[in-house]
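Accompanying notes for the structure given below.
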Amino acid sequence: MSCLACALTPLGWWALLPLLALQLEAFALLHDARVLGRVTRRPSPKASFENPSATFTWQELARHNAEESAWVAVDGLVYDITEFVDRHPGGKEILLFALGRDATNLFNSYHPFTDVPRVVLKKYRIGSLATFEHPVYKPDSGFYKEASQVLKRYFEENGVDSKNPWNGVVRMAPVYVCFFAAYYAIYCVPGVPFAARVALAVLLGVCQGMPLTGWMHDASHVSIGRSEKWWWGVGRFSLDYMSGSSMVSWRNQHVLGHHVYTNVMGADPDLPTDLAGDPRRLVQQQAWASVYRWQHLYLPPLYGILALKSRMQDLTEVFSKHTNGPIRVNPISVQDYLRMLSAKAVWLFYRVVVPYVFLTAVSRPQLAVLFLATEFTTGYWLAFNFQVSHISDEVDFLFSDTAKRESGKCPAVYEQEWAESQIKTTIDYSHDSPLAAYFSGALNYQTIHHLFPCVSQYHYPTVNPLIMDVAKKYGYEFKVYDSYADALAAHIRHLRNLGREGKPAELKLE
């Protein structure tokens, strides 16, 4: 009777979370198999393909953003790929993110080694794009094409798979061994001093963060393995289930927003959305306030909340409002809703319920301290790894005037080519340090990652000199600091300088 009474208490009910997660996963699989939630395809009339002379606004394009009616724009041309979605060699799910929008730079950076996709697209053309939702870059004048050819030749001549998944498996296996060992020592072993448990909680936070900058990052860019099983298996295991966040949210923010419109205020979700009211002043166009004088002191400590914030943003923004900052989120499938809830149930169960309800090695008042130590460590790990790469006094910041959309004008037309912009908005560091590459997930080679996100990070130390040589030929220079400390100092310096300035920006509008 006592066990039954325990099960009926509010805390006891939490023990049912794994069963709930299994049920949600089962229903998601039924939707995957089309046993539930069948889709009716609505391609354009045959005449639209025979005479592709129509013109469309970005708003019209945006309405065709699901597999029922799947349109995409590349190089100013609009394609109805409704009948192609299931045949996409890269899988359906990654393609669904790109629907209903101008995917030019996504298309180029995820197909750098072949012209076959461009040939396939031709038969699906239905017209041209007359207006643009986000900024437009100057077309490639040769640098990106030549860099792609050099990289392709390297992989072919050396018989190297650009997406070899086993590099990631070997490097992440020790991290997960440390993760589970730390978890066990923190919550299951009696007699461990509390200070030691806190240190282990910090280690747990590092081991929660390293896979996110490591193989999860590759999975989000389809650069680990050559199938959706690898991408979604690795991504959802490490980000959704082990960390309680969402690959759907991350791909909208990181792949669709940040990687395409790097450091573009009004298009990059990693930058402030509003010109006033944000606690961060990262670009000079933002209205200045006296509190920003101290942002180089108060922002770094706040970076620790990033992990907790991202989990809440899944619920409050991406899955509810279908936005991620300035990026529209396409319709989210029922199975993605189910898996998001399932993952959060699993994470909540093993991170909160198991230590609080089932384990007794740690007193309950100490559990909150240990939980926050882990989560803040993960937040710091992610923020300090990513922030130094783009928020720096050595990079460019661009501006997208979103108000122009209402009058049918393009928010901005840049004189920079997209690849050129990736170089000028990005910082590298510690190119000669294997440890920096391992612990950062090769984010110390951020520039080549932005140029070729579909290539596994584990190749960057080897191939980076090849691309730097091509860049020099075209007059571009990678910005490389000798150490992480130098890159971090440049980040803090940028915060301090922007906090002290009260003058309006001189950003590059067009």
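So here's what we get for this one:
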item: Reported label for calculated Kirkwood radius over Cα pairs in Å given (i) 25.4; (ii) 26.7; (iii) 24.3; result: (iii)
item: Selection from L77, N51, L129, by position along the positive dipole direction of segment 46-133 (Cβ); result: N51
item: In nm, spacing of pseudo-spin labels at L348 and F113 (7 Å Cα→C-beta vector); result: 4.3 nm
item: Furthest towards positive pole of dipole, L299, F155, C454, structure part the chain, Cβ charges; result: L299
item: Inter-site label distance for R63 and T462 at 7 Å from Cα along Cβ, in nm; result: 5.0 nm
item: Rounded to 10°, Cα long-axis angle of helix 364-390 versus longest principal axis of the chain; result: 20 degrees
item: Pairwise FRET efficiency - S290 versus E228, Cβ, R0 = 60 Å, nearest 0.05; result: 0.75
item: Gap separating the Cα centres of segment 63-92 and segment 180-224, nearest whole Å; result: 39 Å
item: Difference of contour (0.36 nm per residue) and Cα-Cα distance, R42 to Y474; result: 151.0 nm
item: Cα centre as origin, Lys/Arg/Asp/Glu Cβ charges: segment 145-216 dipole, Debye; result: 140 debye
item: Label-zone membership for segment 159-182, site A196, 7 angstrom Cα→C-beta point, backbone N under 17 Å; result: 181-182
item: Antiparallel %, DSSP beta bridges [both residues in segment 46-133], to 5; result: 70 percent
item: Net charge contributed by nearby residues that have their C-beta within less than 14 Å of A26 (K/R +1, D/E -1); result: -1
item: Cα-based shape type of segment 46-133, given that a ≥ b ≥ c are square roots of the gyration tensor eigenvalues and the cut on a/c is 1.5; result: rounded
item: Label-point separation, T55 to L22 (7 Å along Cα→Cβ), nm; result: 5.9 nm
item: Cβ charges +1 (Lys, Arg) and -1 (Asp, Glu), total dipole of the chain, debye; result: 940 debye
item: Extension gain (nm, one decimal) between E157 and A181, 0.36 nm per residue minus Cα-Cα; result: 4.4 nm
item: Order by protection proxy (mean Cβ within 10 Å, highest first), peptides 268-281, 245-258; result: 245-258, 268-281
item: The chain: angle of helix 194-213 to the longest principal axis, Cα-based, in degrees nearest 10; result: 20 degrees
item: Which of V357, H491, T426, positive extreme of dipole for the chain (C-beta unit charges); result: V357
item: Fraction of antiparallel bridges per DSSP, the chain only, in percent to nearest 5; result: 50 percent
item: Long-range HN-HN contacts of S69 with modeled amide H, under 5 Å; result: R42
item: Net lengthening on full extension, D274/V120 (0.36 nm per residue, minus Cα-Cα); result: 51.4 nm
item: Acute angle (nearest 10 degrees) that the helix 460-473 long axis makes with the longest principal axis of the chain, alpha-carbon atoms; result: 30 degrees
item: For segment 398-500, convex hull volume per residue from C-alpha positions, Å³; result: 141 Å³
item: Cβ-based exposure ranking for F452, F113, F478, in which fewest neighbours within 10 Å come first; result: F113, F478, F452
item: Value at 222 nm in deg cm²/dmol, rounded to 500, when DSSP H runs of n ≥ 4 in the chain each add -39,500 (n - 2.57); result: -14000 deg cm²/dmol
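We did not get these values from a lab; they are worked out from the coordinates using the rules stated. Computed from a predicted structure; not experimentally measured. Cβ sites come from the backbone with ideal geometry, for glycine too, and all protein chains shown count toward neighbours.
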